[in-house]
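Remarks on the structure that follows.
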Amino acid sequence: MFLKYLSLGVLVFQTTSLVLTMRYSRTLQGDGPRYLASSAVVVAELMKIVACVLLVFKEHSYSVRALNSILRQEILQKPVETLKLAIPSGIYTLQNNLLYVALSNLDAATYQWPSDSAVSSEKEPASAGSQFVGVAAVLVACCSSGFAGVYFEKILKESKQSVWIRNIQLGMFGLVFGLFGMLAYDGERVREAGMFQGYSTVTWTVVALQALGGLVIAAVIKYADNILKGFATSLSIILSTLISYFLLQDFEPTSVFFLGAILVIMATFLYGYEGKSSPNPSRA
């Protein structure tokens, strides 16, 4: 029970931090080119694999021989089990790229300040198009995330393999899919300036948070379930929006937002509510 709610709390914190930091990184005006979202996804997958390998290494008393044996036995010698992770891995890779697309496009609307009507009127057409792309990216990411979460939960809970081994398998496919996507969409830019162009301290923070998210989500699905993971993500959206309103002052909440926030909070409490057991009729 403790691990269940601890993992949920860490997920809320990680998702909130990731969204705010990623949004800041995609709107930060630097001297050089902006970093490639496809490159950040690849580096995050690589970080996740390294972290999981180190955790497995720790679980086996820091024995290199034991590490090599367990990786060979659980990954290379079980190709069918490993291949099962290709489907959710591909979906998660798509979802991570869509998150960058959404935050890159939806942010255009937040910089239309009502006090400057001239600037707002000039940016309105582009912002409307960007907002449509951003919303579409969010919708596709949500639909794909639900399927991938349920699929991954089924694999985790029906398997005796360590959650870290499963994450290594997931990360391997994610790394391959991510590299393919980076070369397909940003191959020319990578050849010109390298895959680490535009990287800064903020970029590395985003990448680290995204890698941490993969580990935390796996822990939540393992110790809780995919529905609670969805609630945690929804709560983080509400939290990040409140931070945007009170601290960043770049969001004006509407009645629809408040209605959605209330529904999410009520659903969370109702799902976790355990009613009192009814009295024994024989003792009445």
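The values are calculated or read from the model by the stated rules, or taken from the named source; none is laboratory data. Note that the structure is predicted; figures quoted are calculated from it, not measured. Virtual Cβ from ideal backbone geometry, glycine too; neighbours counted across all protein chains shown. Please note that ligands, DNA and RNA were not included when accessible areas were found on the heavy atoms of the full protein model with its side chains. Shrake-Rupley method; radii C 1.70, N 1.55, O 1.52, S 1.80 Å.
When Ala51 is tested against the conditions (1) surrounded by 14 or more Cβ atoms within 10 Å (Cβ to Cβ); (2) touching a Gly at 6+ places or on another chain (Cβ under 8 Å), the lone failure is (2).
Considering the range 254-273, and only residues there that are at pLDDT below 75 and loosely packed, with under 14 Cβ neighbours inside 10 Å, the residue that is farthest from Thr21 (Cα to Cα) turns out to be Tyr273.
Selection over the range 184-204 of residues that are in contact with a helix residue (DSSP H, G or I) (Cβ under 7 Å, 6 or more places away or on another chain) and in a helix (DSSP H, G or I) gives a count of 5.
Pairing residues of the range 34-50 that are more than 13 Å from Gly174 (Cβ to Cβ) with residues that are among the aromatic types (Phe, Trp, Tyr) and open to solvent by less than 10 Å² (accessible area, probe 1.4 Å), at Cβ distances under 8 Å and at least 6 apart in sequence or on separate chains, gives Ala37/Tyr100. Put simply, of Ser104, Ser130, Ser159 the only residue that is modelled with pLDDT under 90 and surrounded by 20 or more Cβ atoms within 10 Å (Cβ to Cβ) is Ser104. With respect to the conditions (1) surrounded by fewer than 17 Cβ atoms within 10 Å (Cβ to Cβ); (2) assigned to a helix (DSSP H, G or I); (3) at pLDDT 75 or above, Gly171 falls short on a single one, namely (1). If the condition is being under 30 Å from Gly134 (Cα atoms) and not in a helix (DSSP H, G or I), then the range 47-97 contributes only Leu85. From Gln29, Gln77, grab the single residue that is open to solvent by 20 Å² or more (accessible area, probe 1.4 Å), farther than 18 Å from Gly171 by Cβ, at pLDDT 90 or above and among the polar types (S, T, N, Q). Checking each option against the conditions leaves just Gln77.
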